[in-house]
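Just so it is clear, none of the values below were taken in a lab; they were calculated from the coordinates. In this text, all values refer to a predicted model and were calculated from it rather than measured experimentally. Here the Cβ positions follow ideal geometry from the backbone for every residue, glycine too, while neighbour counts run over all protein chains shown.
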């Protein structure tokens, strides 16, 4: 962690260098961006250094006050209480910093004797002293209470009971009670280091691990307690010749702990009791939930699909040992950090012992980095001594130091006491024969007292002093003429006595060739890591390339695995342990098959799941936070992955200072990162799983209450952004159980995105329908519900392939509601909107008949407001059934009836009917061969659509103009219209526009003579018709046939043309059918020549017949040429 961070504008780099060098010469640890190396993730490192710095020196100049980066960094420092501003040139500082006194160093050029410079140095020293003097645990923050007084906790339940053997009927109840109480006392004593919650029962004891304080190893600690209880209890003798043995059952799961309740509630308690009944006397049985988390550390025998007998502990004791047992993955992505360790070793070998702290979140690779470095050292005959802390040892003083001492003497767990004492004596002789007289004392100090020797009478403080002195002396002697390495892991769990000893070892670095490596999580902080010979290395998550390397090693390169890489990378967020556990879970659940490095995806794969081992790690980290800090994390998780500070503060009812303190703790402990400083601070979770676990830890009542508070606060704080935030507000109100509030915000969200994202709009309207059903009270409520029915019917076909069953259900539901309240107009509106779905499903003929009946109904008295909509749909139906002459006449009638744009209340289809009539006029004019008039109508429709903000209609018109360009032989214009159409289609996401885009590009490529590109575009159009607007299937097939002709793939072209004719016959789309017959005539001639002349003539006769019926009259201009070329030649 840097002491001083320098913030400056790039143009002031020369000044910044003077200050950086000057402060470094005064003994400060200085960070500025010139220290970044090639390849560094500069923004992440800068942000981390800014937040970790104890003092942020901001260099104000005319350039820096205008810099967004400098102002942001200064704002962060002001909020963190680390700001030390300096004036290096005269300038007007930003208003928010005017109240903070700035030191005047204008004109300073590096003279370290300058009085102003000396004052600055003293100010920084004073500031650092004050910050370090702040008590670690300030007064608890009072946070707004939630509705319930309950908590949702993940626990492991140990149910231990006595199983009687023999005739139990004569057993005195007092004797039984004493045996049970003895069992309960023994169980409590054995579990004491893990601090479980104990519930006493009539026949045994129930211990809940993790109820009061969660730990990622709760399941393992519970099993270890059960095994120890079985071993130490043995056979319990009772009067009357009876005996009993202990049996244990364990399971894990969520429980609800309520204030005032005698015991928590949850199925895990019952499950553990059932597993205990399943266990034989003197045995331990665990459920599958425990096995998933702790199974790697145990020897298990499966006795049922969900139960396992514990045969004992395995040889693995840590996550890293478990990884080694499974087979270590490739060591990737830590080259830079490894080089820093090598530099530390080199400096230590020079006689100045170094200390390097490796900080990272759980699973990021601290232990693996230390292991690889230790292996390299050992390969070069450099001694490595290791120790580690364990949470269970926080109540046992000097556990980590004793572990280190045993490593120094080469003592391993399986050594008998006599072997251990012999190793101690041999090691002392090797170092200094004069030390052998201390062998008995040292053996006693590290837990191997000499039998029958007088006890060493030392109080705990004296014992600690002896141990420190002994270790310091031995390490110094051992490191006089060779480099050595000490590694102490998991300092975040270290006990106070071990931490004190470690501090003294750190301070005794002078003159020793010893490198000390310490690793810990972000929540571990000590002042002595600020010493000049100490350095901290923060391990960042692995990048995508490194994660890819891990997955290659674990999975292999089978093509079926391609679907896994992205979701695993997203879920793990660069944490290698998470990657390994996700893959291990995939193997265990049968979702991938084969051996390591040669896996393949199985048919049972449906998606990733978060491994329970990963959940345990994250839940334990969250649970170690102070209650108020944990509550703020839960509020933030309720808001989302990113959350603004003012919103969290209002929901939590905290002051600015309290909020800064809490967020500072979360940031320092690597739960969150700052995303922005202006205009308000915005933070985000570093890992999505942290947010998920924090949110899941709330009981349902509190979760609903918190979502309601967030929604209320968001609406109060940003009333002008309610529409913009509508989707977010809808989610919060829905989660709060406020159905109608949620429905209203879903309506707002649907309206906001209706012109940009049809799919999203459709989802919001479906929510309105779902949430408002049965809850309508006011006229506004009924209007909102009908809006939902109308839009669901409209977008059912425009957003993709129509779901006719759903459209029928929406119509039936809306019609029943309208009939119930006597809304005949609304019944017709719904019928009108529903009719278009028939066309999109491929029944253009049925659509035309229904549209004509609806038009007649709209011209009855009382239906005046619906006539324009009915005409819109009627004209649309005529275009799809190829009734071009009638369509052109009806368009002229429509423009006479509605000669001007209509108010928006008449836009039931989402489009101004007048604009639609202009567009349809263009369509019918183009099919009639009147291309110039057609283009004028299309352009008028586009002009009006742009004025009214309906880009979908612009896209439709551009497709019509592309067709006109084809018939006019203007390839350049066709390409331009296709390009403009694609831009709109990509923006809106309308499936119909995407279809039109494919058609337009097929035309443009065909006109340019690029047959293969035209074929690809047309094939996409054919595929699209299976997802939307099925009445276009024949048109797409005919277009593909024409493209295949250009590509000279005539056999395929003939088949497609015949398919097109059949499809158009089914759907009733006669104008497209005429085009398909024409295509087939051309294909038959080019493929078969003179022998096919009669068939060619028949196809052209079919075109004539369709034109005589009023369809595809544009083709008349081609018929003389076709007949002359194909028949009369």
FRET E, pair residue 465, residue 675, Förster distance 41 Å, beta-carbon r, rounded to 0.05: 0.25
Once you keep just the Cα pairs under 8 angstrom separated by 6 or more residues, what percentage relative contact order results for the chain? 6 percent
Report the extension gain between residue 751 and residue 558 in nm, rounded to one decimal, defined as 0.36 nm multiplied by the number of residues separating them, less their alpha carbon distance. 64.9 nm
Can you give me the pair-distance distribution of region 1009-1126, C-alpha pairs, 5 Å bins, whole percents? 2, 14, 22, 24, 21, 13, 4, 1, 0
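Roughly what percent of Cα-Cα pairs across region 442-593 reach past 26 Å? Intermediate values should be presented prior to the final figure.
Working: 6027 of 11476 pairs.
In whole percent, the share of Cα-Cα pairs in region 442-593 beyond 26 Å is 53.
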Arrange the following residues from fewest to most other Cβ atoms within 10 Å of their Cβ: 465, 982. 465, 982
Report the label-to-label distance for residue 302 and residue 528 in nanometres (one decimal), using points 7 Å from each Cα along the Cα→Cβ vector. 5.0 nm
In degrees, nearest ten, helix 1033-1046 long axis to first principal axis of the chain (Cα): 90 degrees
The extension gain from residue 228 to residue 860, computed as 0.36 nm times the residue separation minus the Cα-Cα distance, is 218.7 nm
On a 0 to 90° scale, report how tilted helix 991-1007 is relative to the longest principal axis of the chain, with both axes built from alpha carbons and the result rounded to the nearest 10. 70 degrees
Projected onto their principal axes, the Cα atoms of region 721-779 stretch, largest extent first, over whole-Å spans of 31, 20, 19
Note on region 544-613: C-alpha Rg/Rh, Kirkwood Rh, two decimals, gives 0.91
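For a protection proxy built on the mean count of beta-carbon atoms within 10 angstrom, sort 325-337, 695-707 highest first, please.
Working: 325-337: 15.6, 695-707: 19.7.
Answer by packing, highest mean first, reads 695-707, 325-337.
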For the pair residue 1051 and residue 378, what calculated FRET efficiency results from E = 1/(1 + (r/R0)^6), where r is the Cβ-Cβ distance and R0 = 51 Å, to the nearest 0.05? 0.10
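Could the peptides 287-293, 264-270 be put in order, highest first, of the mean number of other beta-carbon atoms found within 10 Å of their residues? Walk me through the numbers before you get to the answer.
On the way: 287-293: 23.6, 264-270: 17.9.
My ranking of the peptides, most packed first, is 287-293, 264-270.
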Angle check, please: helix 627-639 long axis (alpha carbons) against the longest principal axis of the chain (alpha carbons), in degrees 0 to 90, nearest 10. 10 degrees
Considering only DSSP beta bridges with both partners in the chain, what is the antiparallel share in %, to the nearest 5? 55 percent
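On alpha-carbon atoms, Rg over Rh for the chain using Kirkwood Rh? Mind dumping the intermediate values first?
Details: Rg = 39.0 Å, Rh = 36.2 Å.
Radius of gyration relative to Kirkwood radius: 1.08.
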Helix-only CD estimate at 222 nm, as mean residue ellipticity for the chain, using -39500 (n - 2.57) per DSSP H run (n ≥ 4): -18000 deg cm²/dmol
What is the distance in Å between the Cα centres of region 687-746 and region 362-441? 53 Å
Label-point gap, in nm, between residue 1023 and residue 500 - each point 7 angstrom along Cα→Cβ: 7.2 nm
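Work out, in µm²/s and without decimals, the Stokes-Einstein translational diffusion coefficient of region 330-434 at 10 °C, 1.306 mPa s, Rh from Kirkwood over C-alpha pairs. Write down the numbers at each step before the final one.
On the way: Rh = 16.2 Å.
Estimated via Stokes-Einstein, D reaches 98 µm²/s.
Provide the FRET efficiency to the nearest 0.05 for the residue 346-residue 507 pair, computing r from the beta carbons and using R0 = 22 Å.
Values: r = 22 Å, r/R0 = 0.98.
Calculated value: 0.55.
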Residue 415 versus residue 92, label points 7 Å from Cα toward the beta carbon: distance in nm? 7.4 nm
Could you work out the Rg to Rh ratio of region 625-717, with Rh taken as the Kirkwood radius (inverse of the mean 1/r over all Cα pairs)? 0.92
Using the Cα gyration tensor of region 817-910, with a ≥ b ≥ c the square roots of its eigenvalues, what is the shape: rounded (a/c below 1.5), prolate (a/b larger than b/c) or oblate (neither)? oblate
Go ahead and collect, in residue order, the members of region 202-217 whose backbone nitrogen is under 18 Å from a label point 7 Å along the Cα-Cβ direction of residue 188. 202-213
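To two decimal places, what compactness ratio does region 150-314 give when its Cα radius of gyration is scaled by 2.2 N^0.38 Å? Mind dumping the intermediate values first?
Numbers: Rg = 15.3 Å, N = 165, 2.2 N^0.38 = 15.3 Å.
Against the compact-globule rule of thumb, the ratio is 1.00.
Going by average Cβ density within 10 Å per residue, which order do the peptides 837-843, 588-594 take, highest to lowest?
Numbers: 837-843: 23.7, 588-594: 16.1.
Top to bottom by mean Cβ count within 10 Å: 837-843, 588-594.
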